[in-house]
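Novice: First, the structure itself, so that you have it in front of you.
The values are calculated or read from the model by the stated rules, or taken from the named source; none is laboratory data. Remember, it's a predicted structure, so these values are computed and weren't measured experimentally. Glycine gets a Cβ as well: all are built from the backbone with ideal geometry, and neighbour counts include every protein chain shown.
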Amino acid sequence: MIAFAQRLVWTLIILLGVTWLTFVIAFVVPADPARTVAGPKADRETLATIRKDLGLDQPVPLQYVRYLQRLVHGDLGRSYLTRQSVLQAILERLPATAYLALVSLLASAVIGAAVGCITASRHGSAVDLGILVGSLVVLSLPVFWVGMILLYVFAYRLRLFPLGGFGVVNVVLPACALGLNGAAYYARLVHTNMRTVLDQDYVRTAHAKGLTPLRVYGKHALRNALIPLVTLLGLDFAGLMSGVVLTETVFNWPGLGRLAVEAVFNQDIPMIMGTVLFSAVLVVGANIAVDLLYLAIDPRIRSQGR
Amino acid sequence: MTYRLLGCLFVVLLGCATSPDDAPPGPYLRLAERDDVPTLDPARGYDTVSWQFEAMLFNTLVDYDADGNLQGELATAWDVSDDHLTYTFHLRRDVRFTNGRPLVADDIRYSIERTLNPATRSQGAEFFRGIRGAEQCTAAPCRLAGIEILDPYTVRFRLRQFDPLFLHKLAMPFAAAVPAEEVERWGEDFARHPVGSGPFVLSEWAPGQRLQLQRNPDYFVPGVPRLAGVVRLVGVSDDLAWLKYDAGQLDVVASIPPAEFARLIRTPRYQPLLRHVTTMRTQYIGMNCRLQPFTDRRVRQAMNFAVNKVKLLRLINNRGTVAKGFVPPNMPGANPDLPGYPFDPGHAQRLLTEAGYPNGFTTMLWVRSADDTLRLAQSIQQDLADVHVAVRIKPIAWGPFLEAVRSPDLVPMFLLGWEADFPDPSNFLEVLLHSKYIGSNNDTLYSNPEVDALLDEAAETVDTERRLQLLRTVELRAIQDAPWVFLYHPVSYEIVQPRVRDFRLHPLRPARFDHVWLADADGSQPPLGASAAR
Amino acid sequence: MMQRGEWGGAYLVPVGGAMVATLVMVALAAPWLAPFDPLRAVADSLGDPFSPRLPFVLGTDELGRDVLSRLLYGARISLLVAMMATSLAVGIGVTVGVCAGYFGGWVDSVLMRLTDVVLSFPALLLAIALAALFEPGLTSIFVVIAVVSWTGVARTLRGEVLSVRQRDFITAAQAMGATPLRLIARHVLPNVLPTVLVMGALSTSNTVLLDAGLSYLGLGVPVPTPSWGRMISESQTYYRIAPWLMIFPGLAIVYAVVAFNLLGHGLLALTGKRDGHR
């Protein structure tokens, strides 16, 4: 319990650190922060008003405090282009990204578990080396390239899926592209775990006793395969978000990633910094959530720096 | 707990994901584009997409027919005084707004005053400043002394000075008739809830998803429109739009992807379905006449000789014609015998040496960040490298691009296009070349007192022939001064389904739908009254 | 995740090493290997790319440029960016990790929290934000990629230094009055060198991917310098009639990343050190 409380305190400190780093990038480093907020078309009066509102003539620590105050009120600024509140734009796009992320985690788990189980049934270090190399190759594939190939083969050539865009069925291809990385990690995890389990005495005994492979696998092996699933979920949420940016661009998926890329394309600084901050907060949130899950599932697990 | 949440999320998303391919029953014309319509407020829109839909929802006093000639729309006839300063329009008596109220002369006055009103922030205000009393329109609302209502169906305009383009200005959506009570009722939201007198009515607009128009059964032209409505999907990329068209799910594709175009043009099946028109647009490279080395005319001319324009056309699948000057050849009053600049790198090299740059120089070409413009820029970069001019390409988003081009000392070369608002050469030559427009549309900061004088004289010449002659002289002079590298005039290609009939492209305005109809399988027109029953 | 010396992973070193060496040699020899100038139109395929045929072994693009030549020159750029960025990232990471591990106490706490903060930002997202705020160009690409990539190195190095620090010869040297700088330079660094090499190889594979992603989004080296990621994004307009424009640059990226990954994991197995969190 104490460890959990400690973790919580550290998380808050990290959140503060995240806001501080975003603040520095957005307001301290640029030559004219008022212009980055107001946009290239703003006239002198607007710039002066913004300078006063943001307190840009005050010392940096005070500016930071005002920045935090604005954050607490949910004010992430307004987009140059649409004049829409950044937070509102992000929240509008969040469900699409959440949907994609969830389905891709599902895809990772399913594909990874399948591959891991199948290969675990074979013995030998050649297979183990094969899994390692195979997963390394899969991890080396650029996600946007995989996405384009999936689009070309399954959507254009075979007409099995729609060509990008948002929809219930449309999520399959981008989720597969995004989930491939996770699937590779998960396959290795499952493979290792299953091998360890299968090598244990009680399993061999079960075999000897004549229990069918299905029962052997089903009862013991699979349960052990599920524990690393939690590891998978929290394994690389930041990496997942990076993948989301590219996947959404390839598949024209209307989520946070596309929002960020469009903001960069239009040099819409408030929107860029808003999405960066928001996703960092999501990552921190996901990490603490995974820690909670760990403690809930197996209080004996104490991970040291994951 | 997580499963329940997931389940809920799934169901919610399932519900939200309405299939975008459901078209309503009846002969609806199906379109799709990547970007949403920016606005439907005629005073605000200043882009092809907004104009296309505003033209379907509203009417103007006059409008262009299929051949580009002005004809009356709300006006049945008009008189012009001998001094060309007074225009009197006689309106039709059978026009109603879609809220039921008849359209009268006062609505015309209200609409133009609204456009001039600074609170509306209309970019069309500048076009009506020639009306007497417009200079007093600095605060809301304003009453123009120059617009008189003689009776409910007669409106008279008095101008401060001669304006050969005044009728054309009244054909712009900025002059469309809007009902005052609806504008007051909706305020800023009028852009999303437009009420007009046009052939169509807005029936649904889900932002970012689809826009749907329905036919106006009380439209004053009998038998028009011949469609039950128009559906426009949003968020559909060019590639996807093409595939949908091929699968029979779309009726019109306005931007045919380059990858497909090369194939289409050679396939007999598609040829009768293609529609094309030479636009009144010129693509060019602007050179800042106040930045070295472009201050020297010889350098600018050398750039013109160095760029291979035919090669550029091949990059865009020959969807264009080489530009020999500023004004597109299909513009009324255009000069058919322009010299232009043929491709001659040797001559370019000689000119550069003469100007003192035997080993060339380094410069930066600013372009809008998009695959097609970057491709053109790279071809141009190669051509200029052959005459030792090292060009760095700077891709930049549209908004910041325009801002930068307007700053006087920042941008040495830029890739841009100019499209005519009116079918008159002055719309190119005066706006882009007169020194008084520096800081506005004269992006090359070109200034030639002789040209200014000729343009001023042309603006006051009533005799059309003489005026066009003056403008031709201006163009020839300016071509010699070469503030631009003249690239090409785009040819617009669209493709339609076989069932789409009477769909015609217009050189100056977006395609209209009021006369388009969709044929049944046997080639006949389905009755529109039965559409609801289907 | 990976146990020490398992699965004969050491076999990966010669394979990975050979792949990396080939890549480096090809990149260095590109001006001689490339059959054509990568920036010029050498084929009459404007607007209509040529499929692979002689003499354009991998086909041409829509501007008439030879794909093979562009791939070879692209290797130079990708390698240059990857190696510069990785060197910088490793430099930062080693400094942070060694300081944290050696000095411990509040230095360790602060540096590790800083690492956690940077790790909370999705790497690509932070990279595109930085690239958008500051002018994109060759130098800023290294810096941007390095700034988002140093954290894994720092974490791993810290762990290594912590374990080295416990060893007797360190305590002995301290007793003899050696300054921290001397101790670090003479005793700590040489002992962590194998880990640095492993992290270097693994980091390079990441930076190649990150650079490819940035180029794909248009934030990499400026046009018309060939860059694999950019070639893929340019291929999107024509990929339906010219899929080779998309396939070959992708294969090149995969090759480079796999090469460094195999090398890195092989070295990992060889040195028997624990894999740090990436």
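For every residue, the table says whether it meets (1) buried (at least 24 other Cβ atoms within 10 Å of the Cβ); (2) under 23 Å from A:LEU173 (Cβ atoms).
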| position | (1), (2) |
| --- | --- |
| A:MET241 | yes, yes |
| A:VAL245 | yes, yes |
| A:PHE251 | yes, yes |
| A:LEU259 | yes, yes |
| A:GLN267 | no, no |
| A:ILE272 | yes, no |
| A:VAL276 | yes, no |
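Novice: Considering B:GLY198, B:GLY187, B:GLY223, B:GLY208, which residue is in contact with a Pro (Cβ under 8 Å, 6 or more places away or on another chain) and among the small types (Gly, Ala, Ser)?
Specialist: Of B:GLY198, B:GLY187, B:GLY223, B:GLY208, the one residue that is in contact with a Pro (Cβ under 8 Å, 6 or more places away or on another chain) and among the small types (Gly, Ala, Ser) is B:GLY208.
Novice: Among (1) in a loop (DSSP other than H, G, I, E, B); (2) of a type outside the set (Phe, Trp, Tyr); (3) surrounded by fewer than 20 Cβ atoms within 10 Å (Cβ to Cβ), there is one condition C:LEU88 misses while meeting the rest; what is its number?
Specialist: (1)
Novice: Can you go through A:ALA96, A:ALA89 and tell me which one is within 18 Å of A:PHE278 (Cα to Cα), touching a Pro at 6+ places or on another chain (Cβ under 6 Å), small (Gly, Ala, Ser) and within 13 Å of another protein chain (Cβ to nearest Cβ)?
Specialist: A:ALA96
Novice: Determine whether the stretch B:424-439 contains at least one residue that is surrounded by 19 or more Cβ atoms within 10 Å (Cβ to Cβ) and of a type in the set (D, E, K, R).
Specialist: So far as the stretch B:424-439 goes, yes, one or more of its residues are surrounded by 19 or more Cβ atoms within 10 Å (Cβ to Cβ) and of a type in the set (D, E, K, R).
Novice: Continuing with the same structure: Among the residues of the stretch B:367-399, which ones are among the hydrophobic types (A, V, I, L, M, F, W, C) and either crowded, with 17+ Cβ neighbours inside 10 Å or in contact (Cβ under 8 Å) with a residue 60 or more places away in the chain (or both)?
Specialist: If the condition is that a residue be among the hydrophobic types (A, V, I, L, M, F, W, C) and either crowded, with 17+ Cβ neighbours inside 10 Å or in contact (Cβ under 8 Å) with a residue 60 or more places away in the chain (or both), then B:VAL367, B:LEU374, B:LEU376, B:ALA377, B:ILE380, B:LEU384, B:VAL387, B:VAL389, B:VAL391, B:ILE393, B:ILE396, B:ALA397 are the ones that fit.
Novice: Out of the stretch C:233-247, which residues are assigned to a helix (DSSP H, G or I), more than 11 Å from chain A (Cβ to nearest Cβ) and touching a Leu at 6+ places or on another chain (Cβ under 8 Å)?
Specialist: Answer for the stretch C:233-247, where residues must be assigned to a helix (DSSP H, G or I), more than 11 Å from chain A (Cβ to nearest Cβ) and touching a Leu at 6+ places or on another chain (Cβ under 8 Å): C:GLU234, C:TRP244.
Novice: Quickly run through the stretch B:400-411 and pick out the residues that are surrounded by fewer than 17 Cβ atoms within 10 Å (Cβ to Cβ) and within 7 Å of chain A (Cβ to nearest Cβ). It would help to see each step written out before you state the result.
Specialist: First, the residues of the stretch B:400-411 that are surrounded by fewer than 17 Cβ atoms within 10 Å (Cβ to Cβ): B:402-404, B:406-410.
Across the stretch B:400-411, the qualifying residue is only B:GLU403.
Novice: Within the stretch A:140-147, can one find any residue that is without any contact (Cβ under 8 Å) to a residue 60 or more places away in the chain, more than 11 Å from chain C (Cβ to nearest Cβ) and either over 30 Å from A:GLY274 (Cα atoms) or not polar (S, T, N, Q) (or both)?
Specialist: For the stretch A:140-147, residues without any contact (Cβ under 8 Å) to a residue 60 or more places away in the chain, more than 11 Å from chain C (Cβ to nearest Cβ) and either over 30 Å from A:GLY274 (Cα atoms) or not polar (S, T, N, Q) (or both): absent.
Novice: Okay, moving on. I'd like to know if the stretch A:37-56 contains one or more residues that are within 14 Å of chain C (Cβ to nearest Cβ) and either at pLDDT 85 or above or part of a helix (DSSP H, G or I) (or both).
Specialist: yes
Novice: Here is a follow-up. For A:LEU160, all conditions in the list (1) buried (at least 21 other Cβ atoms within 10 Å of the Cβ); (2) assigned to a loop (DSSP other than H, G, I, E, B) hold save one; what is the number of the exception?
Specialist: (1)
Novice: Separate question: Looking at (1) surrounded by 15 or more Cβ atoms within 10 Å (Cβ to Cβ); (2) touching a residue at least 24 places away in the same chain (Cβ under 8 Å); (3) not charged (D, E, K, R), which one does B:THR461 not meet, given that it meets all the others?
Specialist: Going through the list (1) surrounded by 15 or more Cβ atoms within 10 Å (Cβ to Cβ); (2) touching a residue at least 24 places away in the same chain (Cβ under 8 Å); (3) not charged (D, E, K, R), B:THR461 breaks only (2).
Novice: Another one. Being part of a loop (DSSP other than H, G, I, E, B), more than 14 Å from every other protein chain (Cβ to nearest Cβ) and under 30 Å from B:THR461 (Cα atoms), is that true of even one residue in the stretch B:175-194?
Specialist: The answer is yes; a qualifying residue exists.
Novice: Give the residues of the stretch A:110-137 that are of a type in the set (Gly, Ala, Ser) and either modelled with pLDDT of 80 or more or not in a helix (DSSP H, G or I) (or both), sorted by residue number.
Specialist: A:GLY112, A:ALA113, A:ALA114, A:GLY116, A:SER121, A:GLY124, A:GLY130, A:GLY134, A:SER135
Novice: Taking the options A:GLY218, A:GLY239, A:GLY164, A:GLY210, name whichever one is modelled with pLDDT under 75 and within 13 Å of chain C (Cβ to nearest Cβ). Quick ask: steps written out before the conclusion?
Specialist: Working: A:GLY218 fails: within 13 Å of chain C (Cβ to nearest Cβ); A:GLY239 fails: modelled with pLDDT under 75; A:GLY210 fails: within 13 Å of chain C (Cβ to nearest Cβ).
A:GLY164 is the lone residue from the list that is modelled with pLDDT under 75 and within 13 Å of chain C (Cβ to nearest Cβ).
Novice: Please go through the stretch C:209-218 and pick out each residue that is over 23 Å from B:ALA385 (Cβ atoms) and more than 7 Å from every other protein chain (Cβ to nearest Cβ).
Specialist: Keep residues of the stretch C:209-218 that are over 23 Å from B:ALA385 (Cβ atoms), which gives C:209-214, C:216-217.
C:LEU210, C:ASP211, C:LEU214 - these are the residues of the stretch C:209-218 that are over 23 Å from B:ALA385 (Cβ atoms) and more than 7 Å from every other protein chain (Cβ to nearest Cβ).
Novice: Let me ask you something else. Please go through the stretch A:260-276 and give me each residue that is in contact with a helix residue (DSSP H, G or I) (Cβ under 6 Å, 6 or more places away or on another chain) and either farther than 21 Å from A:GLY77 by Cβ or more than 9 Å from every other protein chain (Cβ to nearest Cβ) (or both), ordered by number. Even if it seems obvious, please write down each step before you answer.
Specialist: Our first condition is that a residue be in contact with a helix residue (DSSP H, G or I) (Cβ under 6 Å, 6 or more places away or on another chain); within the stretch A:260-276, this holds for A:260-261, A:263-264, A:267, A:269-276.
The answer is A:PRO270, A:MET271, A:GLY274.
Novice: Could you check, for the stretch B:316-330, whether at least one of its residues is in contact with a helix residue (DSSP H, G or I) (Cβ under 8 Å, 6 or more places away or on another chain), under 21 Å from B:PHE414 (Cβ atoms) and within 14 Å of another protein chain (Cβ to nearest Cβ)?
Specialist: Yes: one or more hits.
Novice: Condition first: at pLDDT below 90 and facing chain A (nearest Cβ under 9 Å). Now tell me which residues in the stretch C:219-232 satisfy that.
Specialist: C:LEU219
Novice: Here's something else I'd like to know. Report yes if A:ALA225 is modelled with pLDDT of 85 or more, crowded, with 16+ Cβ neighbours inside 10 Å and more than 13 Å from chain C (Cβ to nearest Cβ), otherwise no.
Specialist: no
Novice: A follow-up question, please. Considering B:LEU243, B:LEU227, B:LEU273, B:LEU264, which residue is without any contact (Cβ under 8 Å) to a residue 40 or more places away in the chain, buried (at least 16 other Cβ atoms within 10 Å of the Cβ) and of a type in the set (A, V, I, L, M, F, W, C)?
Specialist: Exactly one residue qualifies, and that residue is B:LEU243.
Novice: Scan the stretch B:505-517 and give yes if some residue there is on the phi < 0 side of the Ramachandran plot, more than 26 Å from the chain's Cα centre (by Cα) and either part of a helix (DSSP H, G or I) or buried (at least 19 other Cβ atoms within 10 Å of the Cβ) (or both), otherwise no.
Specialist: So far as the stretch B:505-517 goes, no, none of its residues is on the phi < 0 side of the Ramachandran plot, more than 26 Å from the chain's Cα centre (by Cα) and either part of a helix (DSSP H, G or I) or buried (at least 19 other Cβ atoms within 10 Å of the Cβ) (or both).
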